[in-house]
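Everything on this sheet refers to the single structure shown next.
The values are calculated or read from the model by the stated rules, or taken from the named source; none is laboratory data. If you're wondering where the values come from, they're calculated on a predicted model, not measured in any experiment. Cβ placement follows ideal geometry from the backbone for every residue including glycine, while neighbour counts extend to all protein chains displayed.
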Amino acid sequence: MRKAMKSCVTDMICNHNNAMFILIDIGAFGFQDLMKDYPERVKNIGIFEDGIVSITAGLALSGMVPTVYGITPFIVQRSLEQLKLDYIYQDVGGNFITTGAAYDFSKLGYSHYCPEDVETLKTLPGIEILTPGTPKQFETLFNQCCMNGKLSYFRMIDHCNQIEVDVEYGKAKMLKKGIRGTVIAFAEALDVTIAACQNLDVTVLYYTTASPFDLETLKENIERNRIFICEPFYQGTFLTDIMPVLSTYRIAVDGVGVPRQVMRNYGTKEDKDVHIGLTAQNIYGRITHFLEREL
């Protein structure tokens, strides 16, 4: 996905004279040529996340379109107040691309984890939150959103889906139609969700836009009043989004996601997936039990 990101950013800088790209040290080596060719609009500022959010908001107020690239928790958590005050309150647009996802930096400790990123950013009114699952999906979403004048957050992942799906900003994609329940998959959870649902008579919806949330597609495809959510972020991140349908109908909701606790176990990203149950085998068992429950 980093290669797709580099290609998209390069095209943006080459084709838009008001576009700027700001690196926060990480990834700077890969953009040396771009920094040399466009020294006024491509810069490596160094480790200065909260400060650079405010600086780039000032650039946005002057008519530039800034894009910032950094590590997820250092942008989302360390700089949240600056995103709120300097972007949302000032009503200016820009792009923030982060790497690390929930725990892609699995061996660097909890300081580099951020399963709370989507839920945290959803507290900012009007932000666009894009969660592509493949490099192609990143390209699609970035090209649709990067120059639209809004604050856009692009969540990059290292462990991409093998299943490719054509996506569109702001829209869920129905991948399978069934009658026993509805299963929602987000971002990189698609592969394990599809594997888990292969022999289940369920509807499967795939979301790569976390905000704004496509509630209409969900409302049109709730089967047997059951919704099961597979989310590679904090479990329950989207309960507020689906609240309107829960308050109207008698609907059961369950799912799998990252538990709201400090992840103290060691190992690879795959080890952590197994530990918290983001595997096809566990999801299949959970959905099967969910479908058989009395409402």
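Check region 47-60 and report whether any residue there is more than 20 Å from the chain's Cα centre (by Cα), of a type outside the set (D, E, K, R) and more than 23 Å from Thr120 (Cβ to Cβ). Scanning region 47-60, I find at least one residue that is more than 20 Å from the chain's Cα centre (by Cα), of a type outside the set (D, E, K, R) and more than 23 Å from Thr120 (Cβ to Cβ), so the answer is yes.
Looking across region 22-58 at every residue that is of a type in the set (Phe, Trp, Tyr) and touching a residue at least 24 places away in the same chain (Cβ under 8 Å), the one that is farthest from Ile75 (Cα to Cα) is identified as Tyr38. Listed residues Lys6, Lys84, Lys43; which is closer than 30 Å to Lys272 by Cα and surrounded by fewer than 23 Cβ atoms within 10 Å (Cβ to Cβ)? The match here is Lys6. Once region 218-236 is narrowed to residues that are out of contact with any Pro (no Cβ under 9 Å at 6 or more places or on another chain) and polar (S, T, N, Q), the residue that is surrounded by the most Cβ atoms within 10 Å (Cβ to Cβ) is Asn221.
Taking each residue of region 242-256 that is under 23 Å from Gly277 (Cβ atoms) and looking for partners that are of a type in the set (Asp, Glu) and surrounded by 16 or more Cβ atoms within 10 Å (Cβ to Cβ) with beta-carbon atoms closer than 9 Å, six or more apart or interchain, yields Gly255/Glu231; Val256/Glu231.
Only a single criterion out of (1) charged (D, E, K, R); (2) under 16 Å from the mean Cα position of the chain (by Cα); (3) outside the structural domain of Met12 (by TED's automatic domain parsing) is not satisfied by Glu128, namely (3).
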